Amino acid sequence: MTRDHIFTVLKSNLEKVVDGARGKEVSEAQSLLKDFGADSLEVVEVVSRTMKELKLKIPRTALSEANDIGQLVDLFVRAAEAA
Amino acid sequence: MTTSTRHPSLHLVRHDASILGVRISTEEDPYLGLSTIAVLQAAIEVVTHDPEIRAVVLEGGIKHFSAGASRESLTVAGAGLRITGYVGEIPRLLLDMPVPLVAAMAGHAIGGGFVLGLWCDAVVLAEESLYGANFMALGFTPGMGSTVVMEEALGGYLGRELLYSGRLLKGRELRATGAALAHAVVARDGVDARAMALATEFAAAPREALVLLKRRLSSKRRAQLETAIVEEREMHKALFSKDSTGAAIAERYAVALPSGRGTS
C-alpha cells in the first residue's frame, strides 16, 4: 500500500465528511481542524471511514498526535507496515 | 451523565404565543443525562398548564444537537447500566408531551442523541451534520427504543444496517438513501427556520385537536417503545455485567469533545 494511495483515500473521505474541504485543494501540510474547520467528531469520522476502506486500524488515542494531514497519513503508513 | 447546573426552566424559550422552544443540550454540555430528563419534565409542565402552546421545537447546540451518552457515563464502573436504564425515560417524556414536537437537529446527533430526535413527531436534519445510532460501533447494544424507531425512521433494511454497523451518515448521504426521513434534510443554516415553519403550520390547528391527535399517534409508538425498552434493558444487563464491555467502550470511544469527554 503506497503513501499516495493512503492520501487519496483520506482526501476522498475528507471531502465527503468535512464540508469545509469540498472543492478545495488538499495538501499534507494542512490541518483538518484549522484549515477545513472540521470538528472532533468529523475528524474521527474521516479516520474511521479511511480505516474501514483501507482495512487498517490505528489506535484512536494516537489521533491527538497528528497535527496535520501528513502526520495522519504517517499513522496509516505505520499501520500498513505493521499489518 | 450531564453535569449541567442550569435550572431546567432556563432551557425553555417562548418563540411566540403558540410555540415553545426547548434546548435539550448546549455546546458546553452536549450529552444526555438526568438533566435532559429534568428539562423535558419542566417543558411538559409548562405546556400542560399553558393552553396557548400548540407546538414545541426541540433544539440543541451549534455543533451537536446531542452527542448521546458521554464516554465517562458509559465506562465508569457500574455506570453503563445506570445510564442505559434511565435514558429510557427520555422517549417516554417525548411521547408524553401533550402537543407535537419538532426536532431541529442542525448539529450532529449520535447514539442516544439521534434516537432522541427520532422519537419527536417531526424532524429537520442538516445536510452537513453527522447522524447515526453508533452503539454497536462502541461495543454495546442499542437503547432508548432505537430497536424500533430506527426501522420506523429509515425503513427496515437501512435501519437494521445502521444499527448493526453503528455507521454514521451525513445528512446529505441520508437524503440520498431515499429513507423515510429523506425529505427532512435541508442546509444547516435553514434547519431552524424549517423547524419553526413546521411548528407554526401545526400550531394553526386548535389545541384540543392537536392534543387528541398527539395522544393517538403516540399511543401506537408508546406500545412499541415499552416492549423495546424492556428487551433493550435485558441486553444491557447482560453486557454491562461484564468488565470487558466498559473496556471495549473505553477503547473505541476516544473523541475529544468539550470538557475532554467523548461522544456516543
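The values are calculated or read from the model by the stated rules, or taken from the named source; none is laboratory data. Everything quoted here is computed from the prediction, not taken from an experiment. With ideal geometry, Cβ positions are generated from the backbone for all residues, glycine too; neighbour counts draw on all protein chains shown. For accessibility, only protein heavy atoms count, side chains too; no ligands or nucleic acids. Shrake-Rupley method; radii C 1.70, N 1.55, O 1.52, S 1.80 Å.
Below are the figures for this structure:
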| read-out | value |
| --- | --- |
| Counting DSSP beta bridges with both ends in the protein assembly as shown, the antiparallel % (nearest 5) | 25 |
| Computed [θ] at 222 nm, deg cm²/dmol, the protein assembly as shown (DSSP H ≥ 4; -39,500 (n - 2.57); rounded to nearest 500) | -15500 deg cm²/dmol |
| Sum of side-chain charges, B:Leu20 neighbourhood, beta-carbon under 12 Å (Lys, Arg +1; Asp, Glu -1) | -2 |
| Cβ-defined net charge surrounding A:Ser12, 11 Å radius [Lys, Arg +1; Asp, Glu -1] | +1 |
| Mean Cβ neighbour count within 10 Å, used as a protection proxy, ranking B:158-168, B:129-139 highest first | B:129-139, B:158-168 |
| Relative contact order (%) - chain B, alpha-carbon pairs under 8 angstrom, separation at least six | 22 |
| Partner chain coverage, peptide B:161-172 - average Cβ within 10 angstrom | 2 |
| Cα-Cα P(r), the range A:3-82, percent of pairs per 10 Å interval | 19, 62, 19, 0 |
| Distant alpha-carbon pairs in the range B:150-235 (separation over 19 angstrom), percent | 59 |
| Cα Rg, Dmax, the range B:40-177, angstrom units | 15.0, 46 |
| Antiparallel %, DSSP beta bridges [both residues in chain B], to 5 | 25 |
| Separation between Cα centres of the range A:22-67 and the range B:77-95, rounded to whole Å | 32 |
| Descending semi-axes in Å of the range B:111-264, equivalent ellipsoid built from Cα gyration tensor | 29, 21, 14 |
| In sequence order, calculated HN-Hα J values of the range B:80-91 (Karplus, 6.51, -1.76, 1.60; Hz; x Gly/Pro) | x, 5, 5, 5, 5, x, 7, 5, x, 5, 5, x |
| Per-residue mean of C-beta atoms belonging to partner chains within 10 Å, peptide A:44-52 | 3 |
| Value of relative contact order over chain A, rounded to a whole percent, pairs C-alpha under 8 Å and six or more apart | 37 |
| Other protein chain Cβ atoms within 10 Å, averaged over every residue that makes up A:30-43 | 3 |
| Solvent-accessible area per residue, Å², over the protein assembly as shown with all protein chains present [probe radius 1.4 Å] | 43 |
| Gaussian network model of chain B, Cα within-10 Å springs - most flexible of B:Ala43, B:Ala204, B:Ala106 | B:Ala204 |
| Three semi-axes of the equivalent ellipsoid, chain B, Cα gyration tensor, whole Å, largest first | 28, 19, 18 |
| Estimated D of the protein assembly as shown in µm² per second, where Rh is the Kirkwood radius over Cα pairs and Stokes-Einstein applies at 4 °C, 1.567 mPa s | 63 |
| Net charge, B:Ser241 excluded, C-beta distance under 13 Å - Lys, Arg +1, Asp, Glu -1 | +2 |
| Highest-fluctuation residue, B:Ser146, B:Ser244, B:Ser35 considered, GNM on chain B with Cα pairs under 10 Å | B:Ser244 |
| Inter-part distance where the range B:135-157 and the range B:198-215 are each reduced to a Cα centre, Å | 29 |
